[in-house]
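Notes for the one structure printed next.
The values are calculated or read from the model by the stated rules, or taken from the named source; none is laboratory data. Just so we're clear, the structure is a prediction, and the values are computed from it rather than from any experiment. Reconstructed Cβ throughout: ideal geometry from the backbone, glycine too, with neighbour counts over all protein chains shown. What goes into the accessible areas is simple: the full protein's heavy atoms, side chains included, and nothing from ligands, DNA or RNA. Shrake-Rupley method; radii C 1.70, N 1.55, O 1.52, S 1.80 Å.
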Amino acid sequence: MIVRPETPGDIAAIRVVEEAAFGQSAEARLVDDLRTAGDSIFSLVAVDTGTVVGHALFSRMKAPFPALALAPVAVLPERQRMGVGSRLISEGIARGEAAGWLGIFVLGDPAFYRRFGFDAGKASGFISPYAEPHLMALLLGKSDLPTDTGIIEHASAFAKLG
Ligand SMILES: CC(C)(COP(=O)(O)OP(=O)(O)OC[C@H]1O[C@@H](n2cnc3c(N)ncnc32)[C@H](O)[C@@H]1OP(=O)(O)O)[C@@H](O)C(=O)NCCC(=O)NCCS
């Protein structure tokens with residue numbers, strides 16, 4: 001299995017993965033909307049023998065420092081719990097760090113995301129429509145964030161999720 005940035009030829013397969021993982025089309029639409037708006041920064045696919053089995057998207061967001069939003073992450077149901085999601089997330093974190101982003105925010109289950117270093121406490125000073133414990137932050141690089149308070153705003157496509 002390899003993890004690599006999406007190409008135009010992956011777009012249909014990404015929709016299939018998102019819809020299968022979530023059992024609905026809202027997340028697939030979110031991915032399309034983020035891409036169309038130019039807010040998709042890293043869109044990574046996990047490919048096994050030519051098939052897209054997983055997808056993770058890191059999008060632009062407003063924050064007091066350069067930060068990315070991680071969402072959605074999706075793995076084909078029959079390929080879950082085999083490390084695909086972890087590979088996608090770890091690869092995205094490494095790319096974000098290498099590109100100089102200072103933080104990543106995620107909304108999700110702390111039981112899953114804390115293994116990558118995401119921490120609800122680090123997100124608690126930021127004002128967002130999304131409250132803890134589901135909002136978590138990961139600091140990239142070795143230094144602390146320039147600030148641990150402020151307003152953060154996900155890309156506008158997220159508002160359609162309701
Ligand atoms: C959540 C998801 C992306 C994880 O991908 P995955 O490839 O199944 O994850 P991994 O195999 O890398 O899992 C690593 C660990 O996380 C655990 N895990 C997986 N999904 C979890 C969840 N929803 N909550 C808590 N733990 C979870 C696994 O049990 C595994 O634990 P272990 O290493 O202690 O055995 C995938 O299960 C999925 O697509 N789920 C449906 C969509 C979804 O809920 N996406 C996340 C919200 S954006």
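Q24 satisfies every condition listed in (1) assigned to a loop (DSSP other than H, G, I, E, B); (2) more than 25 Å from S124 (Cα to Cα); (3) more than 13 Å from the ligand (Cβ to nearest atom); (4) not β-branched (V, I, T) except (3).
The set of residues in the stretch 66-105 that are over 15 Å from the mean Cα position of the chain (by Cα) and either among the polar types (S, T, N, Q) or within 6 Å of the ligand (Cβ to nearest atom) (or both) comprises Q80, R81, M82, G83. Scanning the stretch 142-162 for residues that are surrounded by 13 or more Cβ atoms within 10 Å (Cβ to Cβ) and at pLDDT below 90 yields L145, D148, L161. Pairs linking a residue in the stretch 35-56 that is of a type in the set (K, R) to a residue that is in a loop (DSSP other than H, G, I, E, B), with Cβ atoms under 9 Å and 6 or more positions apart or on different chains, are R35/E6. Among the residues of the stretch 33-58, those identified as outside any strand (DSSP E or B), more than 14 Å from the chain's Cα centre (by Cα) and closer than 28 Å to L140 by Cα are D33, T36, A37, G38. Close contacts from the stretch 64-89, counting a first residue that is open to solvent by 20 Å² or more (accessible area, probe 1.4 Å) and a second that is within 6 Å of the ligand (Cβ to nearest atom), with Cβ to Cβ under 6 Å and a gap of 6+ residues or different chains, come to V73/G85.
Filtering the stretch 114-148 to residues that are out of contact with any Lys or Arg (no Cβ under 8 Å at 6 or more places or on another chain), closer than 14 Å to G103 by Cβ and among the charged types (D, E, K, R) leaves D119, K122, K142, D144. I'd like the full set of residues that are away from the ligand (no atom under 12 Å from the Cβ) and either open to solvent by 40 Å² or more (accessible area, probe 1.4 Å) or of a type outside the set (A, V, I, L, M) (or both), limited to the stretch 27-39. Those that are away from the ligand (no atom under 12 Å from the Cβ) and either open to solvent by 40 Å² or more (accessible area, probe 1.4 Å) or of a type outside the set (A, V, I, L, M) (or both): R29, D32, D33, R35, T36, A37, G38, D39. Taking the condition under 21 Å from P133 (Cα atoms), open to solvent by less than 20 Å² (accessible area, probe 1.4 Å) and at pLDDT below 95, does G108 pass? The answer is yes for G108. Among residues of the stretch 94-123 that are closer than 18 Å to P5 by Cα, those with a Cβ under 6 angstrom from a residue that is open to solvent by 20 Å² or more (accessible area, probe 1.4 Å) and within 16 Å of the ligand (Cβ to nearest atom), sequence gap 6+ or separate chain, pair up as R95/F42.
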